[in-house]
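Remarks on the structure that follows.
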Amino acid sequence: MKLEILTPEKKIYSADVYGVQLPGINGLFEVLDKHAPLVSALKSGTLKILTDKTNTKSYTIQSGFVEVLNNNTTVLIEGAEEK
């Protein structure tokens, strides 16, 4: 699936990935390939990108939103720092 992570200042990340783990306001959740459409609020925490089945990349993020539609996941956040 295609993942894009955007802040008001710039695009943080854009690539095809295996999945992504997100800090939802009601707890952590994961989005994988061909996930059903979804819109959710995010709280501050750790966003983990599953670049493939064995490799990950993590960011500490501020609050925001995620939208999953047509195998595209767009994460809109206030800010992020790579771990």
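Nothing in this text is a laboratory measurement; each read-out follows from the coordinates by a stated rule. Just so we're clear, the structure is a prediction, and the values are computed from it rather than from any experiment. Every residue, glycine among them, receives a Cβ derived from its backbone with ideal geometry; neighbour counts consider all protein chains shown.
May I ask you to verify whether Lys34 is loosely packed, with under 14 Cβ neighbours inside 10 Å, of a type outside the set (Asp, Glu) and in contact with a Phe, Trp or Tyr (Cβ under 7 Å, 6 or more places away or on another chain)?
Working: loosely packed, with under 14 Cβ neighbours inside 10 Å: yes; of a type outside the set (Asp, Glu): yes; in contact with a Phe, Trp or Tyr (Cβ under 7 Å, 6 or more places away or on another chain): no.
No: the conditions fail for Lys34.
Could you tell me how many of the residues in the range 46-71 are among the small types (Gly, Ala, Ser) and surrounded by fewer than 18 Cβ atoms within 10 Å (Cβ to Cβ)?
2
Quick test for you: out of Val75, Val68, pick the one residue that is in a strand (DSSP E or B) and free of Cβ contacts under 8 Å to residues at least 40 places away in the same chain.
Val68 is the lone residue from the list that is in a strand (DSSP E or B) and free of Cβ contacts under 8 Å to residues at least 40 places away in the same chain.
Residues of the range 51-65 being outside any strand (DSSP E or B) and closer than 14 Å to Ser14 by Cα, which ones?
Thr51
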